[in-house]
Amino acid sequence: MNERTKKKLIAEAIEARKNSYCPYSGFAVGAALLCKDGTIFRGCNIENASYGLTNCAERSAIFSAVSAGFRDFTAIAVVGAPKEEKAESICPPCGSCRQVMAEFGNPEKFTVLLGTESGTYKEYLLKELLPLSFEL
Ligand code: ZN
């Protein structure tokens, strides 16, 4: 994936973050999922008064893509921070999201970009973030 694509994906995650529904935690997260054919799906965290029903931005993006018939994914960008603040620190995905990424992405190839609004980012392969994923 070239630098331009990485920056584009992070910019999409920053846009997705604007739709975050996070009245309980006040922590807004956006994600952008890149499909093999170049299609991008956005996702945001969606909280619920029954906290356990909350869905993360990463899973929102993946579930949107799968619902639309896409299953071949190349990378995901994630950007998160308290709602009223600029996202200046990286926001790593939770364990549940890492496991869901492993369901659809090859851990040896699937790239996770942890972006910030200042333009810096960290890049990982899924296998680095989830070395022993559950498999059937
Ligand atoms: Zn998560």
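Laid out as a table, the results:
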| quantity | calculated |
| --- | --- |
| Test: residue in the stretch 106-120 that is within 13 Å of the ligand (Cβ to nearest atom), open to solvent by 30 Å² or more (accessible area, probe 1.4 Å), under 18 Å from residue 16 (Cα atoms) and in contact (Cβ under 8 Å) with a residue 12 or more places away in the chain | no |
| Total residues in the stretch 64-78, condition part of a strand (DSSP E or B) and of a type in the set (A, V, I, L, M, F, W, C) | 5 |
| Selection count, the stretch 80-105, where residues are open to solvent by 50 Å² or more (accessible area, probe 1.4 Å), under 21 Å from residue 19 (Cβ atoms) and within 16 Å of the ligand (Cβ to nearest atom) | 4 |
| Check on residue 13, within 17 Å of residue 115 (Cβ to Cβ), surrounded by 24 or more Cβ atoms within 10 Å (Cβ to Cβ), away from the ligand (no atom under 13 Å from the Cβ) and not hydroxyl-bearing (Ser, Thr, Tyr) | yes |
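For (1) within 13 Å of the ligand (Cβ to nearest atom); (2) surrounded by 18 or more Cβ atoms within 10 Å (Cβ to Cβ); (3) in contact (Cβ under 8 Å) with a residue 12 or more places away in the chain; (4) at positive phi, each residue gets a yes or a no:
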position: 39; (1), (2), (3), (4): no, no, yes, no
position: 42; (1), (2), (3), (4): no, yes, yes, no
position: 52; (1), (2), (3), (4): yes, no, no, no
position: 60; (1), (2), (3), (4): yes, yes, yes, no
position: 64; (1), (2), (3), (4): no, no, yes, no
position: 69; (1), (2), (3), (4): no, no, no, yes
position: 73; (1), (2), (3), (4): no, yes, yes, no
position: 76; (1), (2), (3), (4): yes, yes, yes, no
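The values are calculated or read from the model by the stated rules, or taken from the named source; none is laboratory data. Being a predicted model, the structure only gives us computed values, none of them experimental. In this analysis, Cβ positions are derived from the backbone assuming ideal geometry, glycine residues included, and neighbour counts consider all displayed protein chains. Calculation scope for accessible area: heavy atoms of the full protein, side chains included, ligands and nucleic acids excluded. Shrake-Rupley method; radii C 1.70, N 1.55, O 1.52, S 1.80 Å.
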